[in-house]
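As structure tokens, the structure follows; a few thoughts come after it.
The values are calculated or read from the model by the stated rules, or taken from the named source; none is laboratory data. In this text, all values refer to a predicted model and were calculated from it rather than measured experimentally. Every residue, glycine among them, receives a Cβ derived from its backbone with ideal geometry; neighbour counts consider all protein chains shown. The area values use the complete protein model at the heavy-atom level, side chains included, leaving out ligands, DNA and RNA. Shrake-Rupley method; radii C 1.70, N 1.55, O 1.52, S 1.80 Å.
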Amino acid sequence: MTLSRKAALGLVACTAGALVTGTAGAAHADGSYFGAFATADRGSSIHVVAMWNYPDQASADAAALRDCGDANCVIQLRWADGCAAYSRRDDNLFWATGNTRAEAERNALAAAGPDPNPLLVSLGSAEPSTATVRTSACTANAG
């Protein structure tokens, strides 16, 4: 999946937000599954990769970076035993986790903030902008 070049700026701001708003899965006894989202700046676009159901975080990270396929790939979000999602508003990406797919997607939309009030848009004091979930993924043992 690729996104416009302008999303790179949003990635810088959103990565910090994802680290703050995301809930990292705690390591559990045998049977835990791990996932990772990675991104690469491809000049005119941003490439996003999600990998999940790995036995440890290092394996999930390695798979995401390998599948990403660029030298400048970076891990944006890690999770364990649950779900993760990212949303996009304009050229900004927002990352989040949750116990279920629905929760992860709600959290990703919440991280993007509220949509502008339609009245303000119609009056010209706000730009139309809607956040949308772009991708979500869950480990096999997610709630």
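What figure in square angstrom, to the nearest 10, would you give for the accessible area of T135 with a 1.4 Å probe?
40
Between A71 and L123, what's the calculated FRET efficiency when r is the beta-carbon distance and R0 is 41 Å? Round to 0.05.
That pair, A71 with L123, gives E of 0.30.
Counting each pair of different Cα atoms once, what's the Kirkwood radius of the range 35-143 in Å, rounded to one decimal?
Values: mean 1/r = 0.0681 Å⁻¹.
This gives a value of 14.7 Å.
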